[in-house]
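The values are calculated or read from the model by the stated rules, or taken from the named source; none is laboratory data. In this text, all values refer to a predicted model and were calculated from it rather than measured experimentally. Glycine gets a Cβ as well: all are built from the backbone with ideal geometry, and neighbour counts include every protein chain shown. In case anyone asks, the SASA skips ligands and DNA or RNA and just uses the protein heavy atoms, side chains included. Shrake-Rupley method; radii C 1.70, N 1.55, O 1.52, S 1.80 Å.
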Amino acid sequence: MSEKERVKKVIVIDPVSETVSETRYKSYEELYDLGNFDLFTCSIVDYNSDTDKGNDLLIDDEGLLKRKQRYFTFTGVGTFAGRGLLIGTNYSTGESISTSWTLDQAIRAVSFEPEGFKIDPYMQFIGLN
């Protein structure tokens with residue numbers, strides 16, 4: 001595999017600067033720095049059953065627990081705390097690939113919540129009889 005094939009496109013959504021930008025990464029370790037998170041949750045954005053590929057949004061798993069957090073909404077997916085990374089995924093292998101979204105598509109899908117907006121974290125326990 002050539003060096004160029006290992007470099008993958010990712011779209012970074014930053015609610016603090018209210019920007020959506022495109023960059024490249026070589027290894028999954030770089031995603032932690034790009035996302036500014038220690039743990040992440042993966043939310044499916046789209047999936048093509050013919051190719052078994054799609055795009056996922058990586059979000060800060062601890063985002064709701066951080067103070068002075070900023071939020072963004074991704075149309076059709078949800079509202080999230082902290083940075084988001086839009087990456088491509090090959091579901092048959094589990095490997096990340098370049099996102100198939102263009103920067104313009106991502107810009108149209110993202111809106112930023114105003115400063116002061118907050119989602120309170122919660123847990124619910126349901127007893128089983």
Open item on the list: Greater than 30 Å separation of Cα atoms is the criterion. Which listed pairs, K9/K66; K26/K66; K53/K118, meet it?
Closed with: K53/K118
Open item on the list: Please return the longest range in the chain lying between exposed loop sites, taking GluC sites (Glu not before Pro), DSSP loop only, at most 16 other beta-carbon atoms within 10 Å, and leaving the sites out.
Closed with: 63-114
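Percent of accessible area on the chain owned by carbon and sulfur, 1.4 Å probe? Display every interim value, and only then the final one.
Numbers: 4190 of 8410 Å².
For the chain, the apolar C and S fraction of the accessible surface comes to 50 percent.
Any chance you could run the full-extension gain for Y91 through K68? It's 0.36 nm times the residue separation minus the Cα-Cα distance, nm to one decimal.
Numbers: separation 23, 0.36 × 23 = 8.28 nm, distance 3.50 nm.
Working it through step by step, the gained length comes to 4.8 nm.
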TODO: Heads up, I need the accessible area for R24: 1.4 angstrom probe, whole protein in place, Å², nearest 10.
DONE: 130
TODO: Could you grab the relative contact order for region 1-104? Cα pairs under 8 Å, six or more apart, rounded to a whole percent.
DONE: 30
- [ ] Summarise the long-distance tail of P(r) for the chain by giving the % of C-alpha pairs beyond 25 Å.
- [x] 27
Task: For region 31-81, alpha-carbon Rg and Dmax in angstrom - done: 12.6, 42
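So how do 119-125, 31-37 stack up, highest first, on mean other-Cβ count within 10 Å? Please list the in-between numbers first.
Working: 119-125: 6.6, 31-37: 16.6.
In decreasing order of mean packing, 119-125, 31-37 become 31-37, 119-125.
At R0 = 25 Å, how high is the FRET efficiency between I107 and Y47 if r is their beta carbon distance? Nearest 0.05 is fine. Display every interim value, and only then the final one.
Numbers: r = 22 Å, r/R0 = 0.87.
That pair, I107 with Y47, gives E of 0.70.
I'd like to check one number: the per residue accessible area of the chain, probe 1.4 Å, reported in Å² as a whole number. List each step's numbers first, then the result.
Working: 8410 Å² over 129 residues.
Spelled out: the 1.4 Å probe surface of the chain, per residue, equals 65 Å².
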